[in-house]
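**Student:** For reference, the structure I am asking about is given below.
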Amino acid sequence: MTSSIKKASLILAIPTIELLCLRWFLHGFLNLRIGFNWVTDSDFFFPVPIAFCIFVYLLEDYRPRPLTWQNKSLVLNIISLGLFLFLNIFYHSLGGWESISFYWRTFLFIIIGTSFCCLVPLSYYLKNPQRLAILPALVIAGAVSIQMNIFNFSWIAFGKLLTPTLASLATILLGNTDIFVSRHGMITILHPELVLRIGKGCSGIDAFLFFSMAFLISLMRKGHVLSNGKWLIAYGTGIILMHFLNAFRILLLFALGVILQRYLGKETGLRLLKLVFHVHLGWVLYSLGIGAYMFVLYHLKFFAASKKAPLREVPMVPFKIPAGQEP
């Protein structure tokens, strides 16, 4: 597994460096903000590498392949990158954004696609029998966007489930806090040093998506299945675990906010909380929690290879060749 993660990190290094440089160029030079509704590009910093490492692990588990420079992909990547920069620098003189939007998206798509093929050919992804694992991996990579744009409507139901859990854990972990749901549907946590309002982004649906897809990928690995129909117990227990882990994440963020505000001041502490911990803490906790849970499942042999009927030994029966038919 270590070698697979190392290989995934090397493959991912090129698109990561390019996209970080493009992010600086677009944000700092052109003052553009990239993202989807309710989602920014920083929301993909952890999910995408996690999803890609899982995907490469499955590919390598079935058919390992050494890394070698793919010259055609590298040249196409450099050309597309140059044309993309040209479009962004001169888009005003080329007729404005509306006239170049199609080419802008096309070149960006080619840059991203070819950057993932600079060290391995496209067939590495498309001809491996485990290639369908790309589907759950893509769900993991886009879990935040899916949560905010598709499952946004479910916040009220999740908020009602989350509030009593938060109240119970807060009583144990924080003590002097008051938790209630406002008339606008926001969960509010009151503390003498900090007031935290929780909205739709903290429903935990991204955690459930992450766990569900990781569970599905575990079942896909080498055709493994849960033995004796225990998959309902294992999956249901995992969903409950993610619910409590999401509640713990919120309370940990709240505690960090109190500590940062106490020692760094209100403005600096809250800025650090929002820019670093609020965006990325959940995915660190989810990864650790799911990894530990899967380790326990494998250790308890919940995941067992599907059993095949044993081969029967055919008894040897003496056979006498009739007289006159000997060779």
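**Student:** With the stretch 112-156 as the region, which helices (runs of 4 or more DSSP H) entirely inside it contain at least 1 residues that are in contact with a Ser or Thr (Cβ under 9 Å, 6 or more places away or on another chain) and more than 18 Å from L19 (Cβ to Cβ)?
**Tutor:** 134-141, 143-149
**Student:** Between residues in the stretch 156-169 that are within 14 Å of I240 (Cα to Cα) and touching a residue at least 60 places away in the same chain (Cβ under 8 Å) and residues that are among the polar types (S, T, N, Q) and surrounded by 13 or more Cβ atoms within 10 Å (Cβ to Cβ), which pairs lie under 6 Å by C-beta distance while being six or more apart or on different chains?
**Tutor:** Once the first residue is within 14 Å of I240 (Cα to Cα) and touching a residue at least 60 places away in the same chain (Cβ under 8 Å) and sits in the stretch 156-169, no partner that is among the polar types (S, T, N, Q) and surrounded by 13 or more Cβ atoms within 10 Å (Cβ to Cβ) comes close enough.
**Student:** Here is a further query. Within the stretch 220-300, considering only helices (runs of 4 or more DSSP H) that don't extend past its boundaries, which have at least 1 residues that are touching a Phe, Trp or Tyr at 6+ places or on another chain (Cβ under 6 Å) and without any contact (Cβ under 8 Å) to a residue 40 or more places away in the chain?
**Tutor:** Counting at least 1 such residues, we get 231-264.
**Student:** With L260, L272, L264 as the choices, which residue is within 22 Å of L196 (Cβ to Cβ), at pLDDT below 90 and in contact with a Ser or Thr (Cβ under 8 Å, 6 or more places away or on another chain)?
**Tutor:** The match here is L260.
**Student:** Related question: Out of L119, L83, L74, which single residue is surrounded by 20 or more Cβ atoms within 10 Å (Cβ to Cβ), modelled with pLDDT of 90 or more and over 21 Å from the mean Cα position of the chain (by Cα)?
**Tutor:** L119
**Student:** Here is a list of conditions, (1) at pLDDT 85 or above; (2) touching a strand residue (DSSP E or B) at 6+ places or on another chain (Cβ under 6 Å), and S145 meets all of them except one; can you say which number that is?
**Tutor:** If we test S145 against (1) at pLDDT 85 or above; (2) touching a strand residue (DSSP E or B) at 6+ places or on another chain (Cβ under 6 Å), just (1) comes out false.
**Student:** Check Y91 against each of (1) in a helix (DSSP H, G or I); (2) aromatic (F, W, Y); (3) at pLDDT below 85 and name the one condition it does not meet.
**Tutor:** Here Y91 clears every test but (1).
The values are calculated or read from the model by the stated rules, or taken from the named source; none is laboratory data. Keep in mind it's a predicted model, so treat the numbers as computed, not measured. For neighbour counting, all protein chains shown are included, and Cβ atoms are generated from backbone atoms with ideal geometry for every residue, glycine included.
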